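For reference, the structure is listed below as structure tokens.
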Amino acid sequence: MLLSDIQQCKTQKRKMFAMLIDPDKQSAADLLRLSEKINQPCGPDFILVGGSLLFNNIDVAIETLKQCTDKPIILFPGSAMQISAKADGVLLLSLISGRNPEFLIGQHVQAAPMLAKSGIEVIPTGYMLIGEENYTSVRYISNTMPIPYDKNDIAVATALAGRLLGLQAIYLEAGSGATKSVSSEMVKAVNEAVNLPLIVGGGLCSAAEVQKLLQAGADVVVVGTSIEKNSNLIAEIAKVVKEF
């Protein structure tokens, strides 16, 4: 069970590293080349697959990954169009930081029949976009305003609302292409207020940045864009996570 594994890691204060794969940015050949670094002892704990907008078939990416690794593959869907029964699970993201009903519940209604039939594990996740005025892909596609980087009180209240609604994890997202990651102060505040697995991603470019967020209370760190540019970061980040 994917969620129970993540919850157990939180209870035991063991950190996790998720590698984000965007099928539009990583071809099948790219994934095969990455597999050696994914499968090394210092590699990610699981793989997220998805993106704000997809032109390529997500099934192909998942099938390719399944051929070259036994790491769990979890969907990170930008819409109901990105649901695949070939994955092991899905972060069912409710964009609780925004007020666009499509991403609070609309896309979920469309995805529900497919998810119910698929049999894959569903992890209800409160998705919180954190950022500034500049546009990231997720902000543009979701048509929502992010919570400002320095508004820790709003982030805490939003995460608490997600917990009270029964969500099982909180995801703080700076967004692909973000100029900086979620602050360690915000991570610390949310972690202390909400006893749920805390996932943090977006704008992470180094193992040192990852370490700061782990120290602040992140349970799972997600890195994607930086790894696309430098695959050596996989081992560097995994080492920091496993030694924490």
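Name the shape class, rounded, prolate or oblate, that the alpha-carbon gyration tensor gives for the stretch 102-243, where a ≥ b ≥ c are the square roots of its eigenvalues, rounded holds for a/c under 1.5, and otherwise prolate holds if a/b is larger than b/c and oblate otherwise. Please list the in-between numbers first.
Numbers: a/c = 1.42, a/b = 1.30, b/c = 1.09.
Judged from the Cα gyration tensor, the stretch 102-243 comes out rounded (a/c under 1.5).
Among Ala207, Tyr149, Val122, whose Cα lies farthest out toward the positive end of the dipole of the stretch 108-244, if unit charges sit on the beta carbon of Lys, Arg (+1) and Asp, Glu (-1)? Sorting the options by dipole projection puts first Val122.
Give me the number: length gained by fully extending Leu165 to Glu243, i.e. 0.36 nm times residue separation minus the C-alpha to C-alpha distance, one decimal in nm. Let's see the in-between values first.
Numbers: separation 78, 0.36 × 78 = 28.08 nm, distance 3.41 nm.
Result: 24.7 nm gained on full extension.
Working from label points 7 Å from Cα in the Cα-to-Cβ sense, the Ile154 to Lys212 distance is 2.1 nm. With the simple model of a label 7 Å out from the Cα in the direction of the Cβ, Ser137 to Ala112 spans 2.9 nm. In this rough spin-label picture, where each label sits 7 Å from Cα along the Cβ direction, the Lys229-Thr179 distance is 1.4 nm.
Over all directions, the projected convex hull of the C-alpha atoms in the chain averages 11.4 nm² in area. Taking the accessible area of the stretch 34-100, probe 1.4 Å, and keeping the other protein chains in place, the carbon and sulfur fraction comes to 52%.
Specify the inter-centroid distance of the stretch 76-115 and the stretch 1-62, based on alpha-carbon positions, in whole Å. Cα centroid to Cα centroid, the span is 18 Å.
Within a straight-line Cα-Cα reach of under 12 Å, Lys15 can be paired with the following aspartates and glutamates, leaving aside sequence neighbours fewer than 8 residues apart in one chain: Asp5, Asp45, Asp219, Glu243.
Checking every one of the chymotrypsin sites (Phe, Trp or Tyr not before Pro) in the stretch 85-146 against DSSP loop status and a limit of 16 other Cβ atoms within 10 Å picks out Tyr135. A 1.4 Å probe run over the chain, with the rest of the protein chains in place, finds 45 Å² accessible per residue. Using the Cα gyration tensor of the stretch 1-98, with a ≥ b ≥ c the square roots of its eigenvalues, what is the shape: rounded (a/c below 1.5), prolate (a/b larger than b/c) or oblate (neither)? It comes out oblate by the Cα gyration axes. Checking the Cα-Cα distances for Lys10/Lys151; Lys212/Lys239; Lys13/Lys212 against a 22 Å cut-off, the pairs over it are Lys10/Lys151.
The values are calculated or read from the model by the stated rules, or taken from the named source; none is laboratory data. Not measured: the values here are computed from a predicted model. No Cβ is skipped: glycine too gets one built from the backbone with ideal geometry, and neighbour counts run over all protein chains shown. Quick note on the areas: whole protein, heavy atoms, side chains included, nothing else; ligands and nucleic acids left out. Shrake-Rupley method; radii C 1.70, N 1.55, O 1.52, S 1.80 Å.
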